[in-house]
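Peer 1: One structure follows; several queries about it will come next.
The values are calculated or read from the model by the stated rules, or taken from the named source; none is laboratory data. These numbers were taken from a predicted model, which means no experiment stands behind them. Positions of Cβ are backbone-derived with ideal geometry, glycine not excepted, and every protein chain shown enters the neighbour counts. Accessible surface areas use protein heavy atoms only, side chains included; no ligands, DNA or RNA. Shrake-Rupley method; radii C 1.70, N 1.55, O 1.52, S 1.80 Å.
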Amino acid sequence: MTEITWPWQYNFPPFFTIQPHAETRAKQLEAWQQLIVEYLKATRQSTVDVRETQNNPLFNNTAINRKLSQEAVLTILEDMARTGRAAPTDKSKNVWEVYWHSLDEWGNMVYNWACSNGLNNSVCTLFELREGENTVDEEFHGLDMNVLLKALKALEIKGKCELMEFDDNQGVKFF
Amino acid sequence: MRRRAGLGAIQKQKLEQVKYREKGSEIQENQFQQMSKQLEVFRENLEEFATKHKNEIKKNAQFRRQFQEMCAAIGVDPLASGKGFWSVLGIGDFYYELGVQIVEVCLATNYKNGGLITLEELRTRLVAARGKAKKHQEITNEDLLAAVKKLRIFGNGFTVVPMGKGKWLVQSVPGELNLDHTLVLQKVSSLGTAWVSNSILMDDLGWTQTRAQSALSYMIREGLVWVDTQDPNETLLWFPSMFADCVSA
């Protein structure tokens, strides 16, 4: 696991209790969002399962014996959803996708990579994008399938690519 | 039979009064002239002194303090006005500049400390921001206190809260801190833990539950503290301004 440098708040015990004072809470939520994104980025994850947060070092600082409750995690994720930085994958709101880049940014990243590799007007499989040798150095390498799909769909709406399905595989054609 | 006061006597008395008054104003005039002359001389000397040592005052912290003490001893405040002959001293400018920088530091750290900052942290950050030249580094706590006091003319937005033992907190959010709040801050500062609780205030300061509660809830309302409900015994209130990791972040 990649180590991240924890912000000072992580060792500040009340950081793990949702604050009653509005302004303080806003600062707290903002700090949590940054921390969550940074942590997921460092560990190359795209989803948070609320039910599994209690033993996750991100939400449970054993050194100071403080952890963020499930309700608190949900509060933060819902706040992130309002700014488009996260979205629940189902109605039960247990599993959340967290975007360390916005879908637009992901889309542009893939598109720029395709352009600079002369892949315009040719077809790539999504497997190639996620696991292919050519994308190893790209940030979107290994990106969660659903997140990648959503990003490409956003790109499709802008007319920069077209998603297609063949056999058991999904592919994308860049314009 | 007692004679009543005659007209002559009354007139004589009136005449005397007029003469006294005349003499009085004459003396006053005299004194005033002498005073003006003295002040003139004093002013000239002070101006000469100041122009000669202007740079010294700006650069040397020790010198600046002595100059301040001298001014305090003769009852003048060189910071009181930017106009008039004090402006040639340029000493006001020094403190105004410092004042602006203090405001900047307070605003920049407000997001994490809620508007309370120790004088030490303030000084460390100021010195870091002011650049490496020696004259920028030599800012004393007295300089900071003098500058913050001047900021008070903007209302109660900037106040200094004495913590005792040569420690101060600078408060940069509007909202009066009463004696109880100050006592709470002093308690936290002396404990060195960055947190307090109801029971500490009750045990150490001998307060009633209500008194402790009301002081603490004020501080929550003002956003000066963070609430921590995960201690096994009771709710703790934390001051980011005194939390070491926050101060050095």
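Peer 1: Can you give the charge dipole size of the range A:94-140 about its Cα centre, rounded to the nearest 20 debye, using +1 on the beta carbon of Lys and Arg and -1 on the beta carbon of Asp and Glu?
Peer 2: 140 debye
Peer 1: Same structure again: By how many degrees, 0 to 90 and rounded to 10, does the Cα axis of helix A:145-157 deviate from the longest principal axis of chain A?
Peer 2: That works out to roughly 60 degrees.
Peer 1: In degrees between 0 and 90, to the nearest 10, how far off the longest principal axis of chain A does helix A:22-42 point, with axes built from Cα atoms?
Peer 2: Taking the Cα atoms of chain A, the angle to A:22-42 is about 50 degrees.
Peer 1: Still on this structure, I have one more. Among B:Y20, A:Y10, B:Y111, A:Y111, what's the order by accessible area (1.4 angstrom probe), most exposed first?
Peer 2: B:Y20, B:Y111, A:Y111, A:Y10
Peer 1: What FRET efficiency comes out for A:V123 versus A:Q70 if R0 is 56 angstrom and r is the Cβ-Cβ distance? Round to the nearest 0.05.
Peer 2: 0.85
Peer 1: With chain B treated as a Gaussian network of Cα nodes joined by springs under 10 Å, which of B:T208, B:T159, B:T51 yields the largest mean-square fluctuation?
Peer 2: Result for chain B, Cα springs under 10 Å: B:T208 fluctuates most.
Peer 1: In addition: For a quick check of understanding: with a 1.4 angstrom probe and all protein chains in place, what accessible area in square angstrom does B:R43 have, to the nearest ten?
Peer 2: 100 Å²
Peer 1: A follow-up question, please. State in Å² the accessible area per residue of the range B:90-173; use a 1.4 Å probe, count heavy atoms of protein chains only, and round to the nearest integer.
Peer 2: Per residue, the range B:90-173 has 47 Å² of solvent-accessible surface.
Peer 1: Another question, if that's okay. Please state the equivalent ellipsoid semi-axes for the protein assembly as shown: what are the square roots of 5 times the Cα gyration tensor eigenvalues, largest first, in whole Å?
Peer 2: 69, 30, 21
Peer 1: Where is the GNM fluctuation largest for chain A (alpha-carbon springs, 10 angstrom cutoff): A:V123, A:V98, A:V37?
Peer 2: The residue with the greatest mean-square fluctuation here is A:V123.
Peer 1: Rounded to the nearest 20 Debye, what is the dipole magnitude of the range A:8-98 about its Cα centre when Lys and Arg each give +1 and Asp and Glu each give -1 at the C-beta?
Peer 2: About 80 debye.
Peer 1: Report, as a whole number in µm² per second, the diffusion coefficient that Stokes-Einstein gives for the range A:112-175 at 10 °C and 1.306 mPa s using the Kirkwood radius over alpha carbon pairs.
Peer 2: It diffuses with D of about 134 µm²/s by this estimate.
Peer 1: Please list, in order along the range A:114-121, the HN-Hα scalar couplings obtained from phi with the Karplus expression 6.51 cos²θ - 1.76 cosθ + 1.60 (θ = phi - 60°), rounded to whole Hz, x for Gly and Pro.
Peer 2: 4, 4, 6, 9, x, 9, 4, 6
Peer 1: Taking only protein heavy atoms and a 1.4 Å probe, what accessible area per residue, in Å², does the range B:13-71 have with all protein chains in place?
Peer 2: 86 Å²
Peer 1: Turning to a different aspect of this structure: Keeping the other protein chains in place, figure out the carbon and sulfur percent of the accessible area of the protein assembly as shown, with a 1.4 Å probe.
Peer 2: 51 percent
Peer 1: Moving on. Rg and Dmax in Å for chain A, alpha carbons only: what are they?
Peer 2: 18.3, 55
Peer 1: B plus A alone minus the pair: what accessible area, both sides summed, probe 1.4 Å, in Å² to 100?
Peer 2: By this definition, chains B and A bury close to 1700 Å².
Peer 1: While we're on this one: So which GluC sites (Glu not before Pro) in the range A:1-37 end up in coil per DSSP with only 15 or fewer other C-beta atoms within 10 Å?
Peer 2: Sites meeting the loop and neighbour criteria: A:E3.
Peer 1: Write down the accessible area per residue of chain A in Å², having rolled a 1.4 Å probe over the full set of protein chains.
Peer 2: 51 Å²
Peer 1: Then there's this: Rounded to two decimals, what is Rg over Rh for the range B:90-173 when you use alpha-carbon atoms and the Kirkwood radius?
Peer 2: Rounded to two decimals, Rg over Rh is 0.94.
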